[in-house]
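Engineer: Have a look at the structure that comes next, please.
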Amino acid sequence: MAHFGVVAPAFYSHFHALAALALELVARGHRVTYFQQPDAAALLPDRRLGFHAVGAVTHPPGTLAGVMRRAASPGSPLGLRRVIGDMARSTDMLCRELPAALAEAGVDALLCDQMEAAGGLVAEAFDIPFVSVACALPVNREPGIPLPVMPFAAGTDERTLRLVEGSTRVYDWMMTPHRRVIAHHARTFALTVRDGLHECLSPLAQISQTVPGYEFARRALPAHFHHVGPLRMPGSVTTPASHTPLPPIAPGKPFVFASLGTMQGHRLGLFLRIAKACRAQGVQLLAAHCGGLDEHQAQALRRAGATWVCAFAPQREALARADAVISHAGVNTVLDAIEARTPILALPIAFDHPGSAARVHAAGIGVVASPRFASARHLARQLRRLLDERAFAPRLDALADNVARAGGARRAADIVEAALHLRAPDLAYPQSAQA
C-alpha cells in the first residue's frame, strides 16, 4: 500500500474536500499525511489522517488566524495585496521545506490541491508521482474561459475572447508576488520556466469537483482531466457534534437556508438584508453563520426576520429540505444545492465566488445579486423568483443526475490508484469527462 502526502492551502473547505478522498484511500489500506504549517492541524476532520508540521520558523503557531482574517476581509487593494503576499509566503515555505519533510515521512505519492503550486513543483523536481485536485473551480486555462475569479460567462465570440484575455492579464499582474515565487523555485529546482498555478498541474491525473453542465463547456482539457463531482465524507464525519440539528420546519410554508461559508459568516450587514428579504416574503429562514457572529449579533438577525440562527447546521440535510438557498456561491455549497435540487440565490463575495455565480446563472439553476449593493427589497424579489418560477427545476434535475453519476470520492480514489498503477483502470467510468 502507498503513503500519500497531501499539499493544500490551509483553508477549511480545501482540507475537508481532500479529506473525503483521503479517507477513501485510507479505507483501501493506504496511509495519508497532510503537510502544512502547525496551526493547520486543527483543520483535519478525522484521526485516521496524519499531519506533519512544516514551517515552524516562518509560520509559527498562532499565525494562521491572521492569514484567515486577511483572506476573509481583504477590503482595499492594499488588503488584497497582503492576501496575495500570504499566498506567496506559504508557497515559498512549502517549496523550501517539503523536500526534506516528504523524504523523512517516506511519502510515495502526492495529492496536490490546484491552488497550492508547491505540491506540483516539489513533486516534479524530486520525481514524486502526483495527482492534482481542484477543490475550487479548476485553474486550467483556455481561450474564452474566464478565470475562476471573474464574474462573466464563457464564450468564443471576439468580445468574450478579448475580455478573457484582458482580465487574465490584470489578474496575472496582481498575482506578481506569487508568480515570482513560483518562477524562482522552478529555476531552483531546474524545471522548465513557469510562473502560474495552471503550469503546476499533474501530467498523470487531474481531478475536479465540478460536473459537466455546471462548469463552462471546455475544449482544451487534457485527456487525464476528470470531473468526479463533490468530494464528500460519510455523514458521521460531516455532521460533527458542533452542528445544530435541523429545526422543526413548519410544513406548507417555504423554507430557505442561508450560509455565507466558513470565511464570510461574519458579514452581519448582508445577513440582516437576507433576513429582511425572507421576512418580506413570509418564508422560514435558517441562517448559519459558521461562528462568524456573536450571540448579540445573532439576536439582531432574529429580530430582522431569521426564524433560526446557528453557527453550524447540517448543510446537506438543510438543503434537502429547503425551497431555496441564499449563498456566497462557494463551490461546495453550490454542488450540495445541485445535489439537493435546490435553486440558488448567489451573492458572490471573494475568491472564486464570482466565477461560481456566473456558472450558476449560465446553467439556469439560480439567480445572482450583488452582496454589496443589493437591497433587502431586491433580494426579496430575487428570492420570489426562485420560489415561483418553474424553469429552475428541470435544469437542477439534469445537473443533479450528473452529480449522482459522477462518482465522487470513490471514483476519485479509483483514478488516483489507476494513475499510480496501484490498480487497473475502472472501465465503468470514462477515462476523461470534459464538459
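Engineer: If residue 80 satisfies every condition in (1) surrounded by fewer than 16 Cβ atoms within 10 Å (Cβ to Cβ); (2) without any contact (Cβ under 8 Å) to a residue 24 or more places away in the chain but one, which is the exception?
Structural biologist: (2)
Engineer: May I ask you to list the residues in segment 47-62 that are in a loop (DSSP other than H, G, I, E, B), crowded, with 16+ Cβ neighbours inside 10 Å and under 23 Å from the mean Cα position of the chain (by Cα)?
Structural biologist: 49
Engineer: Now for a separate question. Within segment 87-112, take every residue that is assigned to a helix (DSSP H, G or I) and charged (D, E, K, R) and give me the one that is nearest to residue 352 (Cα to Cα).
Structural biologist: Filtering segment 87-112 for residues that are assigned to a helix (DSSP H, G or I) and charged (D, E, K, R), the one nearest to residue 352 (Cα to Cα) comes out as 89.
Engineer: Scan segment 195-219 for residues that are surrounded by fewer than 20 Cβ atoms within 10 Å (Cβ to Cβ), under 17 Å from residue 416 (Cα atoms) and not aliphatic (A, V, I, L, M) and jot them down.
Structural biologist: 203
This table checks each residue for (1) surrounded by fewer than 24 Cβ atoms within 10 Å (Cβ to Cβ); (2) under 20 Å from the mean Cα position of the chain (by Cα); (3) among the hydroxyl-bearing types (Ser, Thr, Tyr); (4) not assigned by TED's automatic domain parsing to the domain that holds residue 304.
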residue	(1), (2), (3), (4)
330	no, yes, no, no
342	no, yes, yes, no
345	no, yes, no, no
355	no, yes, no, no
361	yes, yes, no, no
378	yes, no, no, no
381	yes, no, no, no
395	yes, no, no, no
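Engineer: So residue 376 ticks every box in (1) small (Gly, Ala, Ser); (2) closer than 25 Å to residue 209 by Cα; (3) in contact with a Leu (Cβ under 9 Å, 6 or more places away or on another chain) but one. Which box is left unticked?
Structural biologist: (2)
Engineer: If only one of 71, 125, 65 is in the same structural domain as residue 11 (by TED's automatic domain parsing) and at pLDDT 95 or above, which one is it?
Structural biologist: 125
Engineer: Just the residues that are over 15 Å from the mean Cα position of the chain (by Cα), modelled with pLDDT of 95 or more and not in a loop (DSSP other than H, G, I, E, B), please, taken from segment 223-239.
Structural biologist: The answer is 225, 226.
Engineer: Right, something else. Inspect segment 297-308 for any residue being surrounded by 24 or more Cβ atoms within 10 Å (Cβ to Cβ) and either touching a Ser or Thr at 6+ places or on another chain (Cβ under 7 Å) or at pLDDT below 95 (or both) and give the result as yes or no.
Structural biologist: No, every residue in segment 297-308 fails to be surrounded by 24 or more Cβ atoms within 10 Å (Cβ to Cβ) and either touching a Ser or Thr at 6+ places or on another chain (Cβ under 7 Å) or at pLDDT below 95 (or both).
Engineer: What helices (runs of 4 or more DSSP H) completely inside segment 113-222 contain at least 3 residues that are β-branched (Val, Ile, Thr) and either without any contact (Cβ under 8 Å) to a residue 24 or more places away in the chain or at negative phi (or both)?
Structural biologist: Those helices (runs of 4 or more DSSP H) span 158-174, 176-188.
Engineer: Determine, yes or no, whether residue 369 is without any contact (Cβ under 8 Å) to a residue 40 or more places away in the chain and closer than 30 Å to residue 146 by Cα.
Structural biologist: Spelling it out, residue 369 is indeed without any contact (Cβ under 8 Å) to a residue 40 or more places away in the chain and closer than 30 Å to residue 146 by Cα.
Engineer: Of the residues in segment 180-194, how many are surrounded by 19 or more Cβ atoms within 10 Å (Cβ to Cβ) and more than 19 Å from residue 97 (Cα to Cα)?
Structural biologist: 1
Engineer: Is it the case that some residue within segment 8-18 is surrounded by fewer than 21 Cβ atoms within 10 Å (Cβ to Cβ) and out of contact with any strand residue (DSSP E or B) (no Cβ under 8 Å at 6 or more places or on another chain)?
Structural biologist: Yes.
The values are calculated or read from the model by the stated rules, or taken from the named source; none is laboratory data. In this text the structure is predicted, and so the values were computed from the model without any measurement. Here Cβ is always computed from backbone atoms with ideal geometry, including for glycine, and neighbour counts include all displayed protein chains.
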